[in-house]
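Peer 1: Take this structure, written in structure tokens, and hold onto it; I'll ask about it next.
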Amino acid sequence: MKKTTALLSILFCLFFPVLLSAQLPCSLPGFRQFDFWIGEWDVYSNANGKLAGTSKISLILDSCIILEEWTSAGAFKGLVYSGKSFNKYNPGTRQWQQTWVDNTGNSTEFLRGVAEKDKVTFYADHVLDNKGNEYMRRLTFFKLADNKVRQFGEKSTDGGKTWITEYDLEYRRKT
């Protein structure tokens, strides 16, 4: 009995750190910088105040990925626009990354992302328009309050010297 208890104690000491890290691989503080966006939201255009769509933001894959599921409020040319983004903190680079995909066949890779207090900014350095022209995108999320987040999308055609607004959205948490 004592040998069994001693053996179990040794095994526990050897494997507990491995089990703990396997259970909580994304528990470091860097992974939690964007948690303010998690929830279910009604999303409004800051340009006209109208409902632009809805978005559900969830933690998936053992809290390693923040998944966005977006649906527009109405149809455009018969298509209700929808898309998903996968947002991940990269501990190697200490930056955030986002991959956006949608039902029009488009995608955007934001490979650089910087988190500050209540704010995350993503950059896509090489985006092509439908004519093959290259530009940059900047996407910033601001925590305005516990129940409100602003998403501000911009583009630059001069290497980031100047930026023009693509869209400006306000996320309001559903109650």
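Peer 1: Quick check, is V101 buried (at least 16 other Cβ atoms within 10 Å of the Cβ) and either out of contact with any Cys (no Cβ under 8 Å at 6 or more places or on another chain) or more than 30 Å from G78 (Cβ to Cβ) (or both)?
Peer 2: Values: buried (at least 16 other Cβ atoms within 10 Å of the Cβ): no; either out of contact with any Cys (no Cβ under 8 Å at 6 or more places or on another chain) or more than 30 Å from G78 (Cβ to Cβ) (or both): yes.
Answer is no for this residue.
Peer 1: Look at D42 and say whether it is within 18 Å of K119 (Cα to Cα), surrounded by 13 or more Cβ atoms within 10 Å (Cβ to Cβ), of a type in the set (D, E, K, R) and in contact (Cβ under 8 Å) with a residue 24 or more places away in the chain.
Peer 2: Working: within 18 Å of K119 (Cα to Cα): no; surrounded by 13 or more Cβ atoms within 10 Å (Cβ to Cβ): yes; of a type in the set (D, E, K, R): yes; in contact (Cβ under 8 Å) with a residue 24 or more places away in the chain: yes.
The answer is no for D42.
Peer 1: State which residue is nearest to W41 (Cα to Cα) when the search covers only segment 138-159 and only residues that are open to solvent by 50 Å² or more (accessible area, probe 1.4 Å) and within 15 Å of the chain's Cα centre (by Cα).
Peer 2: Our first condition is that a residue be open to solvent by 50 Å² or more (accessible area, probe 1.4 Å); within segment 138-159, this holds for 138, 142-144, 146-148, 150, 155, 157-159.
Restricting the remaining residues to those that are within 15 Å of the chain's Cα centre (by Cα) gives 138, 142-143, 150.
Values: R138: 22, F142: 14, K143: 13, R150: 11 Å.
So the residue we want is R150.
Peer 1: Quick one: would you say W96 is under 25 Å from D129 (Cα atoms), of a type in the set (F, W, Y) and assigned to a strand (DSSP E or B)?
Peer 2: On the way: under 25 Å from D129 (Cα atoms): yes; of a type in the set (F, W, Y): yes; assigned to a strand (DSSP E or B): yes.
Yes: the conditions hold for W96.
Peer 1: Report, by residue number, each residue of segment 164-175 that is open to solvent by 60 Å² or more (accessible area, probe 1.4 Å) and aromatic (F, W, Y). Spell out the reasoning first.
Peer 2: Within segment 164-175, the first condition is being open to solvent by 60 Å² or more (accessible area, probe 1.4 Å), and the residues that meet it are 164-167, 172-175.
Passing the criteria: only Y167.
Peer 1: Q95 passes all but one of (1) closer than 23 Å to T175 by Cβ; (2) crowded, with 17+ Cβ neighbours inside 10 Å; (3) more than 11 Å from the chain's Cα centre (by Cα); which number fails?
Peer 2: (1)
Peer 1: Shifting gears a bit: Sort through E109, E116 and tell me the only one that's out of contact with any Gly (no Cβ under 9 Å at 6 or more places or on another chain), open to solvent by 90 Å² or more (accessible area, probe 1.4 Å), within 19 Å of Y167 (Cα to Cα) and modelled with pLDDT of 95 or more.
Peer 2: Details: E116 fails: within 19 Å of Y167 (Cα to Cα).
None of the other options fit; the residue is E109.
The values are calculated or read from the model by the stated rules, or taken from the named source; none is laboratory data. Predicted model only: the values in this text are computed from it and were never measured. Using ideal geometry, Cβ is built from the backbone for each residue, glycine included, and neighbour counts are taken over all protein chains shown. Accessible surface is based on the protein model in full, side chains and every heavy atom, while ligands, DNA and RNA are left aside. Shrake-Rupley method; radii C 1.70, N 1.55, O 1.52, S 1.80 Å.
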